[in-house]
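Values quoted throughout were computed directly from the atomic coordinates according to the rules given, and no laboratory measurement underlies them. The model shown is predicted, which means the values in this text are computed figures rather than measured ones. Heads up, the Cβs are rebuilt from the backbone with ideal geometry, glycines too, and the neighbour counts pull from every protein chain shown.
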Amino acid sequence: MKYDVEAMRKQFPAMERKINGYPAAYLDGPGGTQVPQRVIDKVVDYLTWHNCNIHGAFATSIETDDMLMETRKAFADFFGCSWEEVSFGANSTTINFNLSSAIARDLKPGDEVIITDIDHECNRGPWEMLEERGIIIHNVKVDLEKCIIDMEDFKSKLNDKTKVAAFNYASNGVGTVSDVKAMVAMAHEAGVLTIVDAVHYALHGPIDVKDLDTDFLFCSAYKFFGPHIGVLYSKKEKLEGLRTIKVKEQDDFAPYKFETGTLNHEGIAGAAEAIEFIASIGETYGSEFEKELKGFSGRRRNVVAGMLALEAYEQPITAHFIDELERIPGVRVYGPPKGYPRTSTVSFTMKNKSPREVAEYLADRGIFVWDGDFYASKLVRVLGLRESGGLVRVGLAPYNTMEEIDRTLKAIRELAEK
Ligand SMILES: Cc1ncc(COP(=O)(O)O)c(C=O)c1O
């Protein structure tokens, strides 16, 4: 595929920044991507011309109602579901606390919930909180060599007391993509509700909630070119059956029964544009993926094509980065083995240098990478890296280049020699 990264970069004003004379290299995408001009314009347009609350008789309110509906439809194309299955929230963590609190209203002491060691705290904390109500929480182990979920352990923890299984689609700590379809199927066989955290995955591949068959799945638009909002997919009948946390007067049906108070309208307007942006990438590169796109049409087709194109661009750069990193003395890369599904997020440590020292060395050269545990705290702990400052995390986004990765490798090699 001939991917035009320069055309992509031109759409992101932040690419113009310089740090200490170096062009900024935004390899911090797993914490949130940069935003294209069209998304920024959409937020400004909403606040300038349509800013209002909902359900009024006048223009700005009617436009806000329309915008919310249009964004639900855009996310329906993003997830592969109906607009009635799309609810908005502040961010994924808040969404999941509200979800766990609602589900917990129908749980009793002795009921069990499964979480995993590879998950972000967002899909652990809201369930761990239920321990104080007598709910038993089980942690699924991770194969520490391969950084993948121990599927046997997952299976062995499902029993007739299990009510919920919560796990991520991809690890924001080390990039592993899990076989969530198989995990959902195993959980459903045991009559267990599934909650998938797709926050990290959402930038790295198309989501098809109907194919996964999960009951709930959430993601955050700021990880894929949008503003800071969270979005929840719920199977309609599952949300209808839930006693959500809400005021009495609020609509008691999907998707509104999950949404409390006034939403972040400008953020939601921007998130719809982020999806249009992904669809525009699909329009450009869709012809490369005819086989994978069979059966898809309209914006859904373009969204799926866009995600496939971005991954097709990023994966070879990721493979090059890992290969070269592994050659540097004292560097240890953490993540799934070659050939195992993964995102373009790569984490590593360096001998005798803390992750913060590495991140600072790169930052001085205009290279933005994360260090620490990124709230993949349990994983970092079981990997034995907590005391030494966690990991250095480099994440590719569609505006990153091979040149930026080579610049990063050069700086890491220099540092290794110091
Ligand atoms: C895998 C994963 N889950 C959850 C979150 C939390 O998302 P939010 O900040 O929207 O609550 C993150 C953020 O980094 C993440 O990477």
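Looking at the chain alone, DSSP beta bridges between its own residues are antiparallel in about 60 percent of cases.
Extension gain, LYS248 to HIS188, is 18.4 nm, computed as 0.36 nm per intervening residue step minus the present C-alpha separation.
With runs of 4+ DSSP H residues as the only contributors, calculate the mean residue ellipticity of the chain at 222 nm using -39,500 (n - 2.57) per run, divided by the residue total and rounded to the nearest 500. It would help to have the intermediate numbers written out before the result.
Numbers: 14 runs with 162 residues, N = 418.
After summing the helix terms and dividing by the residues of the chain, the value is -12000 deg cm²/dmol.
In a fully extended conformation the segment linking GLU70 and LYS418 would gain 119.8 nm over its present Cα-Cα distance, using 0.36 nm per residue. In this structure, the amide hydrogen of ASN168, modeled 1.01 Å from its nitrogen in the peptide plane, lies closer than 5 angstrom to those of ASP197, counting only residues at least 5 positions away or on a different chain. Cβ-to-Cβ counts within 10 Å put ASP4, ASP213 in ascending order as ASP4, ASP213, the fewest first. For segment 1-121, rounded, prolate or oblate, judged on the Cα gyration tensor with a ≥ b ≥ c (square roots of eigenvalues), a/c < 1.5 rounded, else prolate if a/b > b/c? Oblate is the answer for segment 1-121, as a/c is 1.5 or above yet b/c matches or exceeds a/b.
Kyte-Doolittle cut-off -0.5, length cut-off 24 Å along the helix's own axis using Cα: show which whole DSSP H helices in the chain pass.
Qualifying helices: 59-79, 265-285, 298-327.
Put simply, the amide H of LEU193, placed in the peptide plane, has neighbours under 5 Å in VAL164, ALA165, leaving out anything fewer than 5 places away on its chain. Taking amide hydrogens as modeled 1.01 Å from N in the peptide plane, which residues meet the under 5 Å criterion relative to PHE225, leaving out close sequence neighbours? Under 5 Å from the amide H of PHE225: THR33.
With the convex hull drawn around the C-alpha atoms of segment 293-348, the volume per residue stands at 77 Å³.
Pick from HIS204, HIS120, HIS320: which residue has the top mean-square fluctuation in a GNM of the chain where Cα pairs under 10 Å get a spring? Of HIS204, HIS120, HIS320, the Gaussian network model singles out HIS320 as fluctuating most.
So what does the Cα-only Debye profile of segment 197-254 read at q = 0.14, 0.19, 0.25 Å⁻¹, as log10 I(q)/I(0), no solvent term? Summing over Cα pairs of segment 197-254 leads to -0.48, -0.79, -1.03. Structure note, pairs LYS141/LYS223; LYS18/LYS42; LYS146/LYS338; LYS210/LYS294; LYS163/LYS235: Cα-Cα distances above 18 angstrom occur for LYS141/LYS223; LYS18/LYS42.
Other residues lying with their Cβ under 11 Å from the Cβ of GLU152 contribute a combined charge of 0, Lys and Arg counting +1, Asp and Glu -1.
With θ taken as phi - 60° and the Karplus curve 6.51 cos²θ - 1.76 cosθ + 1.60 applied, the whole-hertz 3J(HN,Hα) list for segment 25-35 is 10, 7, 9, 9, x, x, x, x, 7, 6, 10 Hz, x standing for glycine and proline. When you count the other C-beta atoms within 10 angstrom of each residue and take the mean per peptide, 53-66, 356-369 line up highest first as 356-369, 53-66.
For the pair LYS10 and LYS146 in one chain, pulling the backbone fully straight at 0.36 nm per residue adds 45.2 nm over the alpha carbon distance.
Annotation for GLU326 and LYS410: the two label points, set 7 Å from Cα along the Cα-Cβ direction, are 2.5 nm apart.
Each listed q (0.17, 0.18, 0.23 Å⁻¹) maps to a log10 I(q)/I(0) for segment 180-287 from the Debye sum over equal C-alpha point scatterers, namely -0.95, -1.04, -1.29.
From least to most packed, judged by other beta carbons within 10 angstrom and beginning with the fewest, ASP197, ASP179 follow the order ASP179, ASP197.
If you rank ILE137, ILE207 by fewest surrounding Cβ atoms within 10 Å, what's the result? Show your work: numbers first, answer last.
Numbers: ILE137 16, ILE207 23.
Taking fewest neighbouring Cβ atoms as first place, the list is ILE137, ILE207.
Dividing the alpha-carbon radius of gyration of segment 41-275 by the rule-of-thumb value 2.2 N^0.38 Å gives 1.02.
When +1 charges are put on Lys and Arg Cβ atoms and -1 charges on Asp and Glu Cβ atoms, the dipole computed for segment 41-275 relative to its Cα centre reaches about 400 debye. Summary of the geometry: segment 1-75 and segment 225-256, compared by the centres of their Cα atoms, lie 24 Å apart. Using every pair of distinct Cα positions in the chain, the Kirkwood expression returns a hydrodynamic radius of 22.1 angstrom.
Would you mind calculating the relative contact order of the chain from Cα pairs under 8 angstrom and at least 6 residues apart, reporting the percent as a whole number?
Details: 828 pairs, mean separation 93.1, N = 418.
Relative contact order of the chain: 22 percent.
Given the options VAL142, VAL44, VAL196, state which has the largest fluctuation in a GNM of the chain using a 10 Å cut-off (strictly under) for Cα springs. Comparing VAL142, VAL44, VAL196 in the GNM, the peak value goes to VAL44. Taking the charge dipole of the chain about its Cα centre, with +1 at Lys and Arg Cβ atoms and -1 at Asp and Glu Cβ atoms, the residue from VAL140, GLY372, LEU396 reaching farthest to the positive side is GLY372.
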